[in-house]
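Q: Structure provided below as structure tokens; questions to follow.
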Amino acid sequence: MDDGIRSHLPLAGEQIIVTGAGSGIGAATAVLAAAKGAEVAAADIHRESAEAVCGQIAGGGGRAIAVEVDVSDEAQVEAMISRTVQELGGLTGIVNNAGVIVTRPLTETSVEEWDRCLDINARGVFLGCKHAVRHFLDRGIAGSIVNTGSISALTGQHGQAAYAASKGAIVQLTRQIAVEHAAHGIRCNSVGPGSVHSAVLSSFLASQPDPGAAEASLAAQHPVGRIGDAEEVAAANCFLLSREASFITGTNLQVDGGYTAV
């Protein structure tokens, strides 16, 4: 893309990390952020998946690096941010999107399943926020953070005790960070997807006795009558990252086809 055209894009001049960027919402967000002018660090626990997304971005004329990271490991999160700053020249935003789902009744949920879900979903977001904010404060950057919540953060869902708890924690952590750091020019928001075609949804459906019936039921629960696409959530993520959302912080934006409005 011509540099003159790119300079007028809404994320021009931004360096953005997207975790869980190897598939689904993360991949769609990384690709769209690059199309909107950002330089992107596509971070994922699966390096090959992140590299494939970087190849897609490069094919569109963008710049991206692949970073292998386990977001529940603090040293790896710190290294992710350091590498991004070193190779892209800075860091102005992060989308903490990496996550897993555990589908199990409360009484059958093991401690190991609970810990895994909370470690990746809640702890992973906490670590991404913590070290991004440290970077922003150290360099006086008015950075932007977007965290991936869920309809499960706001509504009860059968068999999602661990997942719902982790996503509820993310929404409240987002508000806390927004309040603590608004005076520093740092914005923090969350996006709550409804049912979206993604690896997480596929995992959930595969755990059901009749995946096809489960998918049809999910679609019917959304007033718009369908399951969403990852690109629709990516659009919300990129808007909140951008200067167009400069007066928005502490918000949980539900991108859920009306699910939580019922």
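None of the figures in this text is laboratory data; all of them are computed from the coordinates on show. Note that the structure is a prediction, hence the values are computed from the model and not measured. Neighbour counts are summed over all protein chains in view; Cβ atoms, including those assigned to glycine, are modelled from backbone coordinates with ideal geometry.
Q: Pop out the ³J(HN,Hα) list for region 111-117 in order, Karplus 6.51 cos²θ - 1.76 cosθ + 1.60 with θ = phi - 60°, rounded to Hz; leave Gly and Pro as x.
A: Each residue's phi maps through the Karplus curve to give 4, 5, 5, 4, 4, 4, 5 Hz.
Q: Right, here's the next one. Do the sum for the chain: with -39,500 (n - 2.57) for every DSSP H run of n ≥ 4, divided by all residues, what is the mean residue ellipticity at 222 nm, to the nearest 500 deg cm²/dmol?
A: Values: 10 runs with 119 residues, N = 262.
Value at 222 nm, helices only, nearest 500: -14000 deg cm²/dmol.
Q: Could you give the length gained by full extension between residue 134 and residue 87, i.e. 0.36 nm per residue of separation minus their alpha carbon distance, to one decimal place?
A: Numbers: separation 47, 0.36 × 47 = 16.92 nm, distance 1.84 nm.
Roughly 15.1 nm would be gained on extension.
Q: Which of these, 156, 185, 99, has the largest mean-square fluctuation under a Gaussian network model of the chain (Cα springs below 10 Å)?
A: For the chain, modelled as a Gaussian network with Cα springs under 10 Å, the answer is 156.
Q: Now, a different point. In nm, give the distance between the simple-model label positions of residue 48 and residue 155, each being 7 Å from the Cα along the Cα-to-Cβ direction.
A: 3.7
Q: Search the structure for amide H atoms under 5 Å from the amide H of residue 252, placed 1.01 Å from N in the peptide plane, and list their residues when 5 or more places away or on another chain.
A: Amide H neighbours of residue 252: 190.
Q: Any idea what the dipole of region 1-119 comes to, in debye rounded to 20, about its Cα centre with Lys/Arg Cβ at +1 and Asp/Glu Cβ at -1? Don't skip to the answer; put the middle values down first.
A: On the way: 7 positive and 18 negative charges, 105 e Å.
Result for region 1-119 is approximately 500 debye, rounded to the nearest 20.
Q: Taking θ = phi - 60°, what integer Hz values does the Karplus form 6.51 cos²θ - 1.76 cosθ + 1.60 yield along region 132-141, in sequence order, with x for Gly and Pro?
A: My calculation for region 132-141 gives 5, 4, 4, 4, 4, 5, 4, 10, x, 9 Hz in order.
Q: Using Cα pairs under 8 angstrom and six or more residues apart, how large is the relative contact order of region 43-148, in percent? Could you put the intermediate results ahead of the total?
A: Details: 120 pairs, mean separation 30.3, N = 106.
Relative contact order of region 43-148: 29 percent.
Q: Given contacts defined as C-alpha pairs under 8 Å and at least six residues apart, what's the relative contact order of the chain, whole-number percent? Walk me through the intermediate numbers first.
A: Details: 559 pairs, mean separation 49.3, N = 262.
Reported as a whole number, the value is 19 percent.
Q: Give the calculated FRET efficiency between residue 216 and residue 115 to the nearest 0.05, with a Förster radius of 30 Å applied to their Cβ-Cβ distance.
A: Values: r = 33 Å, r/R0 = 1.10.
Efficiency for this residue pair is about 0.35.
Q: Using 7 Å Cα-to-Cβ label points, what is the residue 78/residue 58 separation (nm, one decimal)?
A: Result: 3.1 nm between the two label points.
Q: Could you give me D for region 1-140, from Stokes-Einstein at 20 °C and 1.002 mPa s, where the hydrodynamic radius is the Kirkwood radius over C-alpha pairs? Units µm² s⁻¹, please.
A: 139
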